[in-house]
Amino acid sequence: MGDENKGNLFLRYIVMMTSVFILIGIVVVPFTTGDDRFFVIFALAIGYIIVLVLMYHLFENYVKPIRASINVTNELVKGNYNVRTYVKPAGEAQQLSELINQLARNLQEMYIQEKMQGSQWKTVINNMESGLMLIDERGYVHLVNRKFLQMFGENSLHYIGYLYYDVLAQKSIHRVVQETFLYEEKMTGAITRLIDGQKHHIEVVGAPVINDVKELKGAVLVFHDITDLKRVEQMRKDFVANVSHELKTPITSIRGFSETLLDGAMEDEQLSRQFIDIILKESTRLQALVQDLLELSKLEKEELQLSKKLIEVDEWITNITTLIEQQVINKSIIFSVEVEEGITFYGDPDRLQQVVLNLLYNGINYTPEKGKIALLMSSEEEVIKVKVSDTGIGIPEDSIHRIFERFYRVDRARSRNTGGTGLGLAIVKHIVEAHKGKIEVESEVNKGTTFTVTLPKEW
């Protein structure tokens, strides 16, 4: 199309020039006669040819390059940086063409770099673990990222181009934005939201956007989901409170009975023996609590090293049942063991023995006399399954998800009477997870509980 336009332009020039020479001939030739007329016509013909050659030279070397440069410049203005102009090597027109081509190449490189950087920034912003919103100095929203949309719902069109207070109803967010604009400093706030049906705590941080000449151009809002931090903080508080409570009871008992003995109760041999038995019992309980705390602390450390060995279940399970048999006899509990023969797998035999014993002791403690406890082990493809079932008091449905928490007890009074520290199942869970396994529980109140431990044969 461009070459056709150039051809048509050159043809118009020729038509115009031809018309001019014909007009000159029509005007001049009638006033000449004989040889003069011949020379006039010859001169006009020679002049026509010379002008035609000059016109072609000017068109090819100046008009055509300039028009090509104009076309390329128009395309550059439109954002098409792939265009180039090509002219024959001749003087200033060639230099103009080369400069325009160099400009086009530079613009194309800048566009590609800007596009790459924009893509990189978009990728970074959308993959942030915090929500992000950019607001201009008038309060209009210019940018939201993927995490923000996950927190607040809707799509970006619902937010971009609108005033922040029209699309965000939380007054705490309004306050953060207003104080950020007012004081031109980082401000913080907090909100709670239901995300996927669960309550989430979100920290809102507002930071001013200031340009090079210290002018406020807007604000950036960052939304951090601090639900896990809140949960950990609450667990820490609960842990401190529970440890304090658990330590307070035996220490108070030991101190109280010791003071009573010192105040004269030692003179009564029967009474003093009773008090000393209580002191021994409470000190034993205190020792068990400290040992379990140390054990749990050791298990929670990332550097915990398990002693990985090949476990032959037939021999390994015998050691466990030997330790448990006397206790079930004392409580008249029916204890059954069903283990598939020839099972072998890799694990830490001492730690896993601790798991099974802890589950069995729990069953004994919470199963009434004449009840039943069963230990089953089976091999299923790549995993080993250990099941410990009892016909005890069971666990309420609302407590099942909490029984692996430290110090959580379904029946606090009974747990203390049986000497429990409330840390056993937390220890069990850590050991199982250290073996890349999982533990599940099924229970029904007054009918019994079944713990199922699944362990990989290789890990």
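Note on the stretch 129-303: Kirkwood hydrodynamic radius from all Cα pairs is 21.0 Å, rounded to one decimal. From the square roots a ≥ b ≥ c of the eigenvalues of the alpha-carbon gyration tensor of the stretch 122-216, which class results: rounded (a/c under 1.5), prolate (a/b over b/c), or oblate? Because a/c hits 1.5 or more and a/b exceeds b/c, the stretch 122-216 counts as prolate. Its Cα centre serving as origin, the chain has a Cβ charge dipole (Lys and Arg +1, Asp and Glu -1) of approximately 1480 debye. Remark: the stretch 129-303 carries a charge dipole of roughly 600 debye about the Cα centre, counting +1 on each Lys and Arg Cβ and -1 on each Asp and Glu Cβ.
Which lysines have a Cα lying under 28 Å from the Cα of residue 122, excluding residues fewer than 8 positions away in the same chain? By straight Cα distance, residue 122 reaches 78, 147, 186, 214, 217.
When nucleic acids and ligands are ignored and a 1.4 Å probe is applied, residue 158 ends up with an accessible area of around 80 Å². Here the relative contact order of the stretch 3-114, from alpha carbon pairs under 8 Å that lie six or more residues apart, stands at 20 percent.
Computed on protein heavy atoms with a 1.4 Å probe, the accessible areas place 121, 316 in the order 121, 316, largest first. Within a straight-line Cα-Cα reach of under 23 Å, residue 385 can be paired with the following lysines, leaving aside sequence neighbours fewer than 8 residues apart in one chain: 308, 309, 372, 429, 436, 438, 447, 457. Accessible area of residue 212 (1.4 Å probe, protein heavy atoms only, ligands and nucleic acids ignored): about 150 Å². Ranking 42, 59 by solvent-accessible area of protein heavy atoms (1.4 Å probe, all protein chains present), from largest to smallest, gives 42, 59. With helices as the sole contributors, the chain gives -18500 deg cm²/dmol at 222 nm; each DSSP H run of n ≥ 4 counts as -39500 (n - 2.57), and the sum is divided by every residue.
Dimensions of the stretch 3-114 from C-alpha coordinates, computed as largest minus smallest value along each principal axis and given longest first, are 76, 23, 15 Å. Measuring nothing but protein heavy atoms, the accessible surface of the chain at 1.4 Å probe radius is 55 percent carbon and sulfur. Relative contact order for the chain using alpha-carbon pairs under 8 Å, separation at least 6, rounded to a whole percent? Taking the mean separation of contacting Cα pairs over the length of the chain, I get 8 percent. In the context of the full protein assembly, residue 361 retains an accessible surface of approximately 70 Å², using a probe radius of 1.4 Å and ignoring ligands and nucleic acids.
Fully extending the segment from residue 24 to residue 220 would add 62.9 nm, taking 0.36 nm per residue of separation and subtracting the current Cα-Cα distance. Ordered by solvent-accessible area of protein heavy atoms (1.4 Å probe), largest first, the residues 236, 37, 351, 193 come out as 236, 37, 193, 351. If R0 equals 35 Å, the separation of the Cβ atoms of residue 308 and residue 124 corresponds to a calculated FRET efficiency of about 0.30.
Residues whose amide H lies under 5 Å from that of residue 226, counting only those 5 or more places away or on a different chain, are 201, 202, 203; hydrogens are built 1.01 Å from N in the peptide plane.
Using the alpha carbons alone, the radius of gyration of the stretch 309-456 stands to its Kirkwood radius in an Rg to Rh ratio of 0.94. Rounded to the nearest Hz, the phi-derived 3J(HN,Hα) couplings of the stretch 334-349 under the Karplus curve 6.51 cos²θ - 1.76 cosθ + 1.60 (θ = phi - 60°) are 7, 10, 10, 10, 10, 10, 5, 6, x, 6, 9, 7, 9, x, 8, x, where x marks glycine and proline.
The values are calculated or read from the model by the stated rules, or taken from the named source; none is laboratory data. The model shown is predicted, which means the values in this text are computed figures rather than measured ones. No Cβ is skipped: glycine too gets one built from the backbone with ideal geometry, and neighbour counts run over all protein chains shown. Ligands, DNA and RNA are stripped out before the accessible areas are found, and what is left, the full protein with its side chains, is counted by its heavy atoms. Shrake-Rupley method; radii C 1.70, N 1.55, O 1.52, S 1.80 Å.
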